[in-house]
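A short reminder: the numbers here are calculations on the coordinates, not readings from a lab. It should be emphasised that the depicted structure is a prediction, and the values quoted were computed from it without experimental measurement. In this analysis, Cβ positions are derived from the backbone assuming ideal geometry, glycine residues included, and neighbour counts consider all displayed protein chains.
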Amino acid sequence: MTKGKPTSGERPRTRIGHKLILSFVLLVMVVVGLSGWVLFELTDRSLERQMRDHLVSVATLVSTNLSGNVLRYLHPGREHSTLYRTLVGKLQRAEQGVGARQIFVFDRQYRSLLDTDGLMPIGREYPKLLFHRQELERVWKGHTAHSVLFYDDDVPYMTGYAPIFHDGEVVAAVGVEIGAGFVDSIRIFGRSVLIFAGLGALLTVGVAWGLARTLTRPIQKLVEAAREIGRGNMGQEVATASDDEIGYLGETMEEMRRKLVARDAQLRLMLGGVAHEIRNPLGSIELYAGLIAGDLPAGDERKQHIEKVIGEVRRLNRVISEFLEFARPAQPQPQPTALAPLVADAAFLLAPEMEKAGIQYEMHVAPDLEAYIDGAKIERVLINLMKNAVQAMRDGGHLVVRATAEGGEAIVEVADDGPGMSEEVQARLFEPFFTTKEKGSGLGMAVVGLIVEENRGQIEIDSRQGEGTVCRLRLPQSKDGVPWAES
Ligand code: ADP
Ligand code: MG
């Protein structure tokens with residue numbers, strides 16, 4: 001737990017940013033992906049349908065130009081006959097006309113009758129038709145048909161089939177094989193959709209990131225401001241530049257901070273007034289009680305009573321002093337100050353109490369170690385810390401004060417091996433009037449917090465129940481290292 005000038009704090013949470021980016025990207029991916037997919041499917045289907053229709057009409061055209069009757073004369077070995085050559089020539093012209101790859105005619109046993117590529121002798125069975133048996137069943141029933149898309153050497157093809165009739169019977173069929181050029185266009189189209197989706201996603205990430213930053217930055221600032229106020233550092237104005245809801249929240253927080261500061265000041269003023277009013281009559285009470293005590297003989301029981309009164313009055317006076325210390329607006333006068341004398345003074349003041357409790361005291365502070373502080377006030381801090389340590393070790397223990405320099409800061413540790421503090425006590429440690437002691441004022445650590453803050457220092461508490469407590473002060477060593485000029 002720390003108190004004093006702001007520390008680096010927790011890692012900022014960036015969940016809004018992540019959520020925003022994620023939802024944006026998801027949205028764009030879904031919209032682009034879905035519309036791209038629908039477009040792709042629609043285009044693919046319509047292009048394929050066009051291709052099918054084209055194939056079927058070419059096949060039908062060729063089939064109507066062939067008489068089923070003449071096909072009967074195409075026997076194996078007659079590839080050189082005039083009839084065969086005339087018919088193949090006819091098919092080749094049609095092939096060139098429609099840009100087909102191959103036009104072929106075959107009988108119901110899938111044996112070749114005519115073929116434009118000239119490699120297929122009459123009567124040889126077409127192995128490739130094995131794959132189109134299902135479609136061809138339709139053709140034998142007198143309908144046209146088409147194959148699905150197939151690839152030959154990575155080039156896409158489709159075949160259209162039409163029946164050839166003789167005497168009302170299907171005697172053969174014609175196949176027209178055409179390269180499916182649309183497949184390439186469709187591939188390019190698909191690739192473009194993917195590229196656009198990718199670019200869209202990248203762009204969205206950028207836009208969402210920017211948006212998230214503009215949104216979360218002021219929130220982060222407010223979080224930091226709230227954290228500072230929570231730590232009791234209410235000097236910093238809560239500033240927000242935006243005029244939106246976040247700006248409104250910032251204004252509200254600033255209003256709250258001002259009211260807290262005002263209430264704090266009012267409270268301290270009141271406390272100071274009350275303490276002052278009580279202090280004067282207390283002085284008189286102590287004085288007159290002292291006079292009465294002096295008049296009474298040593299063995300008198302009333303003398304013991306009056307000495308009890310004096311003791312209580314003194315205690316009250318000490319509490320009142322703490323009240324005043326807490327209430328008095330402090331203006332520190334920082335200057336290079338040796339730490340060792342301050343620690344020694346505090347120890348001297350507490351020596352009787354330490355001796356009474358049987359506490360072993362050790363001090364490790366180099367005589368030349370300096371800090372840029374208000375010496376009188378930091379001595380008050382040391383007294384309060386050491387006093388708490390002493391009061392925590394009623395049955396004896398070790399009190400060690402150790403100071404070192406580190407990175408432009410003087411570090412002073414006040415360590416005890418007393419009972420330590422629970423998490424709950426640590427959380428409320430710097431609260432004014434928080435005490436666990438029967439006769440405590442609860443102002444010791446509140447004063448420590450105030451003074452440390454005013455001296456641009458920090459205090460860290462390491463405490464574990466049953467193990468003891470270390471209070472670590474970090475004090476600036478130079479005027480430049482810490483922004484004194486700003487105050
Ligand atoms: P007070 O001493 O009047 O109780 P402080 O503000 O000085 O008020 O301390 C607040 C409380 O913090 C104490 O009542 C005590 O419970 C706890 N505390 C402070 N210092 C120590 C310490 N060194 N060891 C154990 N508890 C401590
Ligand atoms: Mg105390």
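A few remarks follow.
- When shorter helices are ignored and each DSSP H run of at least 4 residues is given -39500 (n - 2.57), the per-residue value for the chain at 222 nm works out to -19000 deg cm²/dmol.
- Relative contact order, whole percent, for the chain stands at 13, derived from Cα pairs under 8 Å and 6 or more residues apart.
- Here's the picture: a label point sits 7 Å out from the Cα of ILE292 along the beta-carbon direction, and within region 303-346 the residues with their amide nitrogen under 20 Å of it are 303-318.
- Distant alpha-carbon pairs in the chain (separation over 30 angstrom), percent: 69
- Both radii were evaluated on the Cα set of region 335-476; the Rg over Rh quotient, with Rh as the Kirkwood radius, amounts to 0.94.
- Given charges at Cβ of Lys, Arg, Asp, Glu: region 98-215 dipole, positive-most of VAL155, ALA197, PHE165: ALA197
- For region 353-433: relative contact order, % (alpha-carbon pairs under 8 angstrom, 6 or more apart): 33
- Cα-based Kirkwood hydrodynamic radius, region 21-185, one decimal, Å: 17.3
- Here the simple spin-label model places points 7 Å from the Cα toward Cβ, and for LEU149 and HIS276 these points are separated by 9.4 nm.
- Taken along the Cα-to-beta-carbon direction at a fixed 7 Å, the label points for PHE348 and SER284 span 3.5 nm.
- Here ARG213 and ARG138 are evaluated by their C-beta separation; at R0 = 51 Å the FRET efficiency comes out at 0.20.
- Approximating the spin labels as points 7 Å out from Cα along Cα→Cβ, the LEU34-to-ALA239 distance works out to 4.6 nm.
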